[in-house]
1. Against the conditions (1) of a type in the set (S, T, N, Q); (2) surrounded by fewer than 22 Cβ atoms within 10 Å (Cβ to Cβ); (3) in contact (Cβ under 8 Å) with a residue 40 or more places away in the chain; (4) outside the structural domain of Ile84 (by TED's automatic domain parsing), where does Gln341 fall short? Just the number, please.
2. Any idea which residue in the stretch 433-451 is surrounded by the most Cβ atoms within 10 Å (Cβ to Cβ), counting only those that are out of contact with any strand residue (DSSP E or B) (no Cβ under 6 Å at 6 or more places or on another chain) and under 28 Å from Ala347 (Cα atoms)?
3. Which one is nearest to Asp159 (Cα to Cα), of the residues in the stretch 229-243 that are at pLDDT below 80 and out of contact with any Gly (no Cβ under 7 Å at 6 or more places or on another chain)?
4. Among Ile142, Ile233, Ile156, which is within 22 Å of Ala66 (Cα to Cα) and not assigned by TED's automatic domain parsing to the domain that holds Phe261?
5. Return the pairs, sorted by first residue and then second, in which the second residue is surrounded by 15 or more Cβ atoms within 10 Å (Cβ to Cβ), the first residue lies in the stretch 435-451 and is without any contact (Cβ under 8 Å) to a residue 60 or more places away in the chain, the beta carbons are less than 6 Å apart, and the residues are 6+ apart or on different chains.
6. Can you tell me which residue is surrounded by the most Cβ atoms within 10 Å (Cβ to Cβ) among those in the stretch 399-414 that are among the aliphatic types (A, V, I, L, M) and closer than 14 Å to Cys445 by Cβ?
7. Return the only residue of Lys346, Lys274, Lys364 being assigned by TED's automatic domain parsing to the domain that holds Glu192 and among the basic types (Lys, Arg).
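The values are calculated or read from the model by the stated rules, or taken from the named source; none is laboratory data. Everything numeric here is computed off the predicted structure, so don't read it as measured data. Here the Cβ is made from the backbone with ideal geometry for all residues, glycine too, and neighbour counts use every protein chain on show.
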Amino acid sequence: MNYQETLQYLYQSVPMFQQIGAQAYKEGLETTHQLDNYFGNPHKEFKTIHVGGTNGKGSCSHTLAAILQAAGYRVGLYTSPHLIDFRERIRINGEMISETEVVEFVEQYRPFFEPLHPSFFELTTAMAFRYFASQKVDVAVIEVGLGGRLDCTNIIQPDLCVITNISLDHVQFLGNTVEAIAVEKAGIIKKETPVVIGEAAGGVKTCFIEKAKQEQAPICFAEEAHPDLQIDIVPRREESSQQAKGYYCTHFVDTDAAHPFEAYGELSGECQKKNGRTIYAAARMLQQLNYHIEEHHIKEGLEQVVEKTHLMGRWQVLQQKPTLVCDTGHNVAGLSEIVNQLNLLKAENSYRQLHLVIGMMQDKDVAHVLELLPSHATYYLTEASVTRTLKAAALKEKAEAMGIYGEMYGSVIEAVRAALEKSLPEDLIFVGGSNFIVADLLAGCDALDLH
């Protein structure tokens with residue numbers, strides 16, 4: 001099989017959550033342990049950092065990897081889902097696993113794993129751990145797939161756990177309250193292993209404290225750990241070589257006398273203020289764990305995360321005049337941050353008219369997302385090219401019931417093309433609602449002739 005044939009085999013032969021949703025969810029770690037034992041427990045051959053939570057896992061994982069790369073470590077990075085190419089999930093120092101490696105893994109080990117009927121994520125995790133061990137990475141940043149306690153990445157014994165935040169998502173698997181979801185996410189906290197918590201309050205915070213106490217794990221709440229740290233979204237500096245990538249960046253200033261610090265993080269968007277605090281606390285914790293990370297490594301990782309890891313889809317500006325932005329926020333909490341950002345830009349007169357290209361998955365809380373959306377936008381209702389997508393006609397029906405009216409389009413590229421045609425240079429086009437809407441946009445950029 002060639003690479004494309006191998007991908008087709010994987011997509012068709014093992015259940016893939018990205019495509020079909022709940023039918024692909026497989027609870028428990030039995031198959032994961034069978035795969036891991038067969039490959040000789042490869043995850044024990046390198047250090048790991050485990051990153052879980054509801055939103056912000058990807059930004060935090062990529063930025064921590066960038067900081068470690070800046071410090072000279074050989075860094076594995078395992079994340080999901082992918083946007084354009086399956087190989088985005090498995091990287092070393094920003095470089096994707098080769099097509100040959102993927103093909104050879106499937107061909108060589110197919111006789112073993114087929115009788116186990118692994119899920120797509122179980123098999124991909126085994127592939128990643130084996131690849132990182134064979135390539136002798138120093139440390140791997142491992143993003144949780146779904147939940148935590150029963151996620152197949154949870155066989156690792158990390159140096160540090162990070163939990164970004166808790167909000168309602170995947171309630172059919174994790175529970176329909178934030179406290180119930182917190183219990184599942186807290187499942188990655190390991191015995192005597194430090195954990196950094198990004199955001200937590202009330203019962204969620206209590207859950208984390210109790211789990212950390214049970215495991216005798218030192219716990220750090222990022223919101224409290226560095227009181228002198230200020231993070232703001234500011235206009236990107238004119239002298240920045242990244243000017244073409246967008247208007248804004250994340251400005252970090254820590255006036256702590258012992259550790260004064262300033263950096264202009266490459267990622268922007270209101271959510272990055274919260275993510276940034278989590279990342280900063282995690283980086284400082286790694287210093288305490290004797291990782292050889294200096295101030296300039298943290299600064300370099302923050303300022304070059306896209307260059308070092310090739311992260312996509314986080315308030316990513318694809319062109320200007322009109323400005324075209326995409327973001328992978330896909331649940332109520334994530335999209336509320338995006339709407340806040342859009343409203344803030346409107347208040348600052350940063351655009352004349354907002355054009356909103358939106359699509360969602362069937363298993364998301366569509367009604368509550370629609371309630372959030374701004375009334376001042378022109379809407380383009382669309383669907384992604386995956387089985388789980390909410391069809392544009394169904395989205396249009398739900399939207400109109402909420403007083404939102406727009407034209408519907410059978411593909412993301414058609415919708416974006418229509419928005420570009422109707423926009424003036426001073427307008428803003430936002431594309432989002434789902435990872436897969438953004439994936440279709442990025443995959444089809446060439447057809448749009450962006451500038």
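1. Just one mismatch for Gln341, condition (2).
2. Here is the first cut: in the stretch 433-451, the residues out of contact with any strand residue (DSSP E or B) (no Cβ under 6 Å at 6 or more places or on another chain) are 435-437, 439-440, 442-449.
Applying the additional criterion that residues be under 28 Å from Ala347 (Cα atoms) yields 435, 437.
Values: Asn435: 22, Ile437: 30.
Per the stated criteria, the residue is Ile437.
3. Applying the first criterion (at pLDDT below 80) to the stretch 229-243 yields 236-243.
Those left that are additionally out of contact with any Gly (no Cβ under 7 Å at 6 or more places or on another chain): 237-243.
Details: Arg237: 36, Glu238: 39, Glu239: 38, Ser240: 34, Ser241: 34, Gln242: 33, Gln243: 36 Å.
By that ranking, first place goes to Gln242.
4. Details: Ile142 fails: not assigned by TED's automatic domain parsing to the domain that holds Phe261; Ile156 fails: not assigned by TED's automatic domain parsing to the domain that holds Phe261.
Answer to the check: Ile233.
5. Final answer for the pair search is Asp440/Ala384; Asp440/Ser385; Asp440/Val412; Gly444/Ile413; Ala447/Ile413.
6. Taking the stretch 399-414 as the starting set, the residues that turn out to be among the aliphatic types (A, V, I, L, M) are 399, 401-402, 404, 408, 412-413.
Adding the requirement that they be closer than 14 Å to Cys445 by Cβ leaves 412-413.
Numbers: Val412: 30, Ile413: 19.
By that ranking, first place goes to Val412.
7. Details: Lys346 fails: assigned by TED's automatic domain parsing to the domain that holds Glu192; Lys364 fails: assigned by TED's automatic domain parsing to the domain that holds Glu192.
Of Lys346, Lys274, Lys364, the one residue that is assigned by TED's automatic domain parsing to the domain that holds Glu192 and among the basic types (Lys, Arg) is Lys274.
Listed here are the residues, each with its yes/no results for (1) modelled with pLDDT of 90 or more; (2) among the aliphatic types (A, V, I, L, M).
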residue	(1), (2)
Phe208	yes, no
Ala212	yes, yes
Pro227	yes, no
Lys245	no, no
Tyr264	yes, no
Gly269	no, no
Thr278	yes, no
